[in-house]
Structures are given as C-alpha cells and as structure tokens.
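Read-outs throughout are calculated quantities, based only on the coordinates presented, and are distinct from any laboratory measurement. Remember, predicted model here, so these are calculated numbers, not experimental data. Please note: Cβ atoms are built from the backbone with ideal geometry, for glycine as well, and neighbour counts cover all protein chains shown.
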Amino acid sequence: MKDPMQSPKNNTPRLIAFAIAMVIILLFNILIINRLTRQKITEVPYSTFLQLLDAGKVKQADVEKEQISFTVDQGSQTVLFTTGRMDDTDLIGRMIRSDVEFTTSIPAQSSPLLSFLIAYILPLVITLGIGALLIRMMNRRMGGAMSFGKSTAKVYVEAQTGKMFSDVAGEDEAKAALSEIVDFLHDPGKYRDIGAKLPKGALLVGPPGTGKTLLAKAVAGEAKVPFFSISGSEFVEMFVGMGAARVRDLFKQASEKAPCIVFIDEIDAIGKKRDAGSGLGGNDEREQTLNQLLSEMDGFDSSKGVVILGATNRPESLDQALLRPGRFDRRIPVELPDLAGREAILRVHAKEVKMEEGVDYRAVALATSGTSGAELANIINEGALLAVKEGRNRVQQKDLEEAVETVLAGYQRKNAVITPQERKIVSYHEIGHAIVAACQSHSTPVHKITIIPRTSGALGYTMQVDEDEHYLMSREYILDKITTLTAGRAAEELIFNQITSGASNDIEQATKLARTMVTRLGMSEEFGMTALETVTNMYLGGDTSLACSEATSARIDQEVMATIRSAHQKAMEILQSHEQKLHELAAYLLERETITGEEFMQILNRKDGEVAEESPKLSDNFSGNTTDPEV
Ligand code: ADP
Ligand code: MG
Ligand code: ZN
C-alpha cells in the first residue's frame, strides 16, 4: 500500500514548516549559543597567569597549542580564563609545584575548513536529522495532523484475516448469529432483491479474552471480504477533530471497498455515555468522534454490503444512541466457554503443538472452570514450554496440569525462602481446607493440595475440581464453600493458637460469596428475594453498586458477618473432630509438598489403627501447642 504522506499535495505545508524550523535553529545557534559560550572567557596576559599560578589560585589548566585555558576559583564560582601560550620550559614544573590539575589537548594539525565544518555544519546536520525524525514521529502519532485537519488517508484494511469459524471453538450461538452476516456479505444482492434490510451493525459483547476480535476476523475470513479494523482507543489519542476525520475517512474507504467489514474494537473508548453534566467539556473530542460515527452509520446504505462490527467488554457504559435500531442493534453475547467449549478450545490450540497421544482434554477443561479462551490458549503454550524445558518433544498430560496451575496461580517459586515454621503453618492451613471440603456433602472434591509457593503470592493451595460443570449453585453449596474457605484459618487457630495473614484471599472470597448470597441471590432469611445490589460491570470483575438505604446496608453487613462467623464455627467443629487426621495429613503434605486428591482421601478414610509408615507424627517443637486441644 502506498504511503499517503508521500503525495505532493500534502508535502507543501510540511516543507514550509521545515524551512521555518531550520531558520530558527540556525539563528539560535549563531546568536545565542556562541554569545553564551564566549562571554565567560576572559583573556589575560601570560604574566597574570603566572601570578595566579604562583599564588595557587589556578585550579585546573588545559594546555593547548596556541593558548592555555585555565580556571580560577573566585569565591563560590569558577571563572574561565585564557592566555597565549609562551615558550615556557618551566611551565610543567610550575604547575606541578602549584598543585594544578592539568591536561593537554594539542590537536593534530586541523584545517580551518574542518573546524568550521565541526563547529557549524555538524550540529546543523544533527539538529535537522532530529527534527525530521520528530516530525515523522508526530505525523505517525497524529495520523498526519501536520496536514492540518485534512483527511489522513490512512489505510485500515487488512486484505485477508486468515481466520475462519473453525479457528473459533465453542461460541456456537455467536457463530450462528454471525453466519447470517457472512451470508449477506457473500451475496448482498439476494437480500436486496427481496427488500430485506440486514442490521447495519452487530455488537460483540463479552469478557476479555473470549474471542470477540477473533470472531470478527473470522466473519471477514468466511465471507472473503476486506476487513477494516480500528481500535476505539486509536480515536481518542489524537488532536481535537482528528477522531471525527478518521471516522469519516474510514467509512469513505469502506464504502469504496464494499462488501466489507468495518470492525471497531474496544468501542467503549469512544462510545461511552455522553454525560450531560460534565461542565468542563473535557471530552469534546470523544463526543465529536462519537457523533461522527453515529452520523456515518445513519448515512450509509447498508444494502451496499458494509457491515459494522463492534466489540466491547463494557456494554453497560455504551451510549444509548449507539444501540438504537439502525446502528448496533444486534447484540451478540460472547460468553466465557462452558466445559465443552473449553475442551474444544484446548483442542483447537493443541493442534498447533505436538501433543502426546491420548491427552485428556476434558480433565484439563474441568480444572479450568471460569477461564477464557485466551487463558486456555495460554495454557497449551505454557504446557509446550514446560515440555521443552524438560527436554521432551511432545506435550504430556502433566505438562498441561502444571500449565493450568501456572496460568491460574502463577509460576512456581521453588527458591522462595520460607521458614520451616511457615511451611508447617501452610501445610495445616491447606489440609484444613481439604478436610472440611471432604467432610461436607455439597463440596467439590479435592483434586490436589500443594505447598509449593507461586508467583501470585500464594504459599500453597487446595485445588478442587468437580466431576461435572454446574450452572446452578444451591444455597447449601455456597454455604459449604464459605465454610471450606474459612477452614484454613480455623486450622491455624486450632493447632497453633495464632492467626496469620495467609488467609487474606480466603477471607476476601468468603466475604464476596456471603455478600452475594444476601444482596443478589435472595438467600438470606432477613431480606428474602430483594435485590440489594446491582452489577455495574458484568464482564470486568463484576463491580456492584448498592441499591438500598444506609440502614439496610448496615443490616446486610450484619448478615454477612453472621454467615461467615457461623461457617467459621462449623469449620472449627469439623477440624476439632478430625484433629488426628489433620496432624497426620499435614505431616504427609509437609513431606511431599504436593499430594493428589486420591492420596488425601485414602489417608483421611483410613481407620485409626492402620498407621502408615510414611507419615510420621510431627514433633511438637514449634511455638503453637499441638497438645492443647482447647483452642
Ligand atoms: P477478546 O477480543 O474477546 O478480548 P480475542 O479475540 O483477542 O479476545 O482472543 C484472544 C486469543 O484467545 C485469540 O487470539 C485466541 O487465540 C484465543 N481464543 C479466545 N477465544 C477463543 C475461542 N473461542 N476459540 C479459540 N481460540 C480462542
Ligand atoms: Mg479484543
Ligand atoms: Zn486458604
């Protein structure tokens, strides 16, 4: 594609600007810099130099061919002098005696022409070079704003995206909704003949990493049409008026290339609600851009075959005007993949690496509930990296399992410095979680327990994996989950009679769950089915905002606290009645670092009589009192 900046039409104003800049730089150089540097040097007779030298006033001297430059301390400042150089054989001796720091820089015979070149031409060349570079950079950043508001003529089209629907695993509903658009782009005439109007725009909505960008590319790939793409954030970085100019330009190009797809990624960056009350007018630029987008969308004739796709993970923040009929009136949810979807995504990405036969993708999919397509793609890649690290040329099941933990909990920190006492506390903490999970009827089975620290800051964790995916959570399930979360801290209290900061994440999760039960799931006695909170940011962490009075809010807090307190109590009771097993399992975990769910269940279910040879009882030499059960 031709670089539009080379066209002669755009060059004239730039050349003028360039010439002005050059003249200014030259004048500056000659008038100011030379004046400044010359001013401070005073020429003195050689005799003065000698006097100053003998008086010990000269600090530092530079002996050149024709002259001597030297500095003298005058109070707080240093003054520079020069004097003609004489044929003084004792000069060096004098300077040494006066303790002067001296250098000589007698240059090789240099021609006046050369020194002229160095003094004037070289700086000029350098400044011009830097200036040209800066102008080039500015032009790129501002999309050619040096051409003062004129169309930037940037070309946005990507000829072939190379993506097909087969590259997108799962997301069948989204693909079904988009295949109609593909068909329309294939043969707009068919729709035109009958007089049907297809939606002008469709909005892909979903959490980050679920494949929205990928889907948009796949639509273009399937329809074999050009793909114009721009990210919303690219519009807002520029000068006032540039965003709108870009929108105009984009649509002009697109209508020339129809049928085609115009994809605006992260559209929330320009499509945010225009708030009436922001008196400062700080977002004028964004509003202009948005208005231009709206009018372009209204202005063009969809029967030509231009389809606009947008993607966002903050649909609630979009301006209503964008969503009304005739604009982005179709909303295509792109949700986090379910169990089957995750398995399919893993398989798609596993095709790109060498996998060992018979890898159980379903097991990996089960352990990754709640992850996005991007994270799953990352898991396959991490698995491949691990295989390489171990010198294998195929990825195995265990690589993927380790990769799951890497992606979900961070890298192993094998060399983290953790004291034996801390490791012991972590062991009891994790076994506490595991025992309580295992002793409740609605808990997810324990899959793995480990005390290998991770880069996420976790010192250990208990991984629970379901045999099946659940879409509904019962009240009992959530309560059991909260109880399990409180069990780590409960174990620390029971055994060491002290509490640590290690439970912070558990506390956060438990509180969030308990709160959700009360405010959004209608699972509390007191409030019943009243929505007390609304979700404001569904796809990005799920922020909530209160929808109740302050008095109610205080009662919610009470309810949440009571729920957690009773869960903690229950966890404590379970651990007290299994204290023997807690010791046994914690010692086993401490020794092995990582144990599987099966090993755990086997020891937990073993009768007290059968003492295992590999799990010695811990010696009670730490500060807590294991022998004292009344904690
Ligand atoms: P989004 O735009 O929703 O944030 P992307 O489309 O950029 O997500 O997805 C990032 C990467 O994740 C993709 O390039 C792809 O490798 C992977 N990915 C995400 N979802 C899927 C999916 N459904 N099938 C296959 N790969 C996926
Ligand atoms: Mg994206
Ligand atoms: Zn914990």
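Shown is the FRET efficiency for Ile130 and Gln569, computed with R0 = 51 Å from the Cβ-Cβ distance and rounded to the nearest 0.05: 0.10. Each residue, Ser456 and Arg392, gets one label point 7 Å from its Cα in the Cβ direction; the gap between the two is 2.3 nm. Modelled spin-label separation between Ala119 and Ala554, with each label point placed 7 Å from Cα along the Cα-to-Cβ direction: 8.3 nm. Its residue count N sets the reference 2.2 N^0.38 Å, and the alpha-carbon radius of gyration of the chain equals 1.44 times that reference.
Please give the peptides 388-396, 329-337 ranked by average Cβ packing (other Cβ atoms within 10 Å per residue), highest first, as a rough proxy for protection.
Numbers: 388-396: 12.4, 329-337: 18.9.
My ranking of the peptides, most packed first, is 329-337, 388-396.
Each DSSP beta bridge with both residues in the chain is either parallel or antiparallel, and the antiparallel ones are about 50%. The protection proxy used here, the mean number of other Cβ atoms lying within 10 Å of each residue, ranks peptides 425-435, 401-411, 549-559 as follows, highest first: 425-435, 401-411, 549-559. The sum of -39500 (n - 2.57) across all DSSP H runs of n ≥ 4, divided by the residue count of the chain, sets its helix-only mean residue ellipticity at 222 nm to -15000 deg cm²/dmol. From the alpha carbon centroid of segment 245-275 to that of segment 375-436 is 44 Å.
With 24 Å as the limit, write out which pairs from Lys224/Lys272; Lys424/Lys581; Lys389/Lys424 have Cα-Cα distances beyond it, or answer none. Cα-Cα > 24 Å for Lys224/Lys272; Lys389/Lys424; rest within. The alpha carbons of segment 371-476 give a radius of gyration and a Dmax of 15.9, 48 Å, in that order.
In the frame of its principal axes, segment 420-629 has Cα extents of 58, 37, 34 Å, reported largest first.
Regarding segment 339-409, what is the average projected area of its C-alpha convex hull, in nm²?
Working: hull surface 16.1 nm².
For the Cα atoms of segment 339-409, the hull's average projected area reads 4.0 nm².
Just want to confirm a number: the relative contact order over segment 154-333, from Cα pairs under 8 angstrom separated by 6+ residues, in percent.
Values: 318 pairs, mean separation 61.7, N = 180.
Once normalised by length, the contact order is 34 percent.
Using only the alpha-carbon atoms, how far is helix 475-496 inclined from the longest principal axis of the chain? Give it as 0 to 90 degrees, nearest 10. Tilt relative to the chain: about 70 degrees. The separation of segment 299-347 from segment 42-112, counted between C-alpha centres, amounts to 78 Å.
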